[in-house]
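This report refers to the structure that appears directly beneath it.
The values are calculated or read from the model by the stated rules, or taken from the named source; none is laboratory data. In this text, all values refer to a predicted model and were calculated from it rather than measured experimentally. Note that each Cβ is placed from the backbone with ideal geometry, even for glycine, and that neighbours are counted across all protein chains shown.
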Amino acid sequence: MTPFRLALCLLALGLVGAWQVTLIPESPIQMPVGPILTPAVVVGFLLVIALLYGLSAWRGRQVDAVQGEDGQPLPGANRRMLMLLGGGAAFVLLAVPLGFVIPATLCGMGVARAFDEPLGWRSALVCGTIALLFWILFAQVLGVGLGPAVAWPL
């Protein structure tokens with residue numbers, strides 16, 4: 001995939017994110033910082049980065065990230081992409097039946113593995129701690145409906 005095509009994909013994902021932000025319901029109580037502000041800021045920031053990357057790629061200032069200097073794919077590129085996508089798919093498919101923390105931990109481990117972190121108890125502990133802290137912050141402190149931390153399927 002060329003850098004410009006990657007920029008187009010990032011832009012498309014950012015636009016899907018922007019559309020999703022428009023679907024977030026307004027809070028029934030009047031708050032200066034509602035449930036839409038943070039996702040809108042994050043998506044806006046990501047769209048700006050995608051646009052800047054696309055402009056840089058269009059000008060020829062970006063190199064193909066999955067190819068080495070000789071033009072051949074870097075070793076393990078397909079495995080890395082599968083681990084990254086697999087972690088995201090695990091989160092999407094398991095969040096409802098298992099709650100937030102376990103799928104988010106698996107997603108984090110997939111992302112970590114995509115960046116060559118070995119899978120093991122340390123990776124699980126770090127990703128699980130991050131997932132639990134995110135759940136506490138967003139679900140408990142900010143009141144964002146992420147569902148239960150852990151759901152026990154019957």
Check: Applying the selection to segment 139-154, what residues are closer than 29 Å to S27 by Cβ and either outside any helix (DSSP H, G or I) or modelled with pLDDT of 90 or more (or both)?
Finding: L142, G143, V144, G145, L146, G147, P148, A149, V150, A151
Notebook entry, point to check: Does P118 count as of a type outside the set (A, V, I, L, M, F, W, C), more than 23 Å from R79 (Cβ to Cβ) and not in a helix (DSSP H, G or I)?
Noted result: no
Margin query: Consider segment 79-93. How many of its residues are buried (at least 16 other Cβ atoms within 10 Å of the Cβ) and within 19 Å of F134 (Cα to Cα)?
Written below: 3
Item checked: Complete set of residues in segment 85-115 that are assigned to a loop (DSSP other than H, G, I, E, B) and small (G, A, S) -> G99
Notebook entry, point to check: Only one residue in L82, L8, L13 is modelled with pLDDT of 85 or more, within 30 Å of Q140 (Cα to Cα), part of a helix (DSSP H, G or I) and of a type outside the set (V, I, T), so which one is that?
Noted result: L13
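This table checks each residue for (1) outside the structural domain of I29 (by TED's automatic domain parsing); (2) buried (at least 17 other Cβ atoms within 10 Å of the Cβ); (3) at pLDDT 90 or above.
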| position | (1), (2), (3) |
| --- | --- |
| L52 | no, no, yes |
| G68 | no, no, no |
| A95 | yes, yes, no |
| A112 | yes, yes, yes |
| D116 | yes, no, no |
| L119 | yes, no, no |
| A124 | yes, no, yes |
| L137 | yes, no, no |
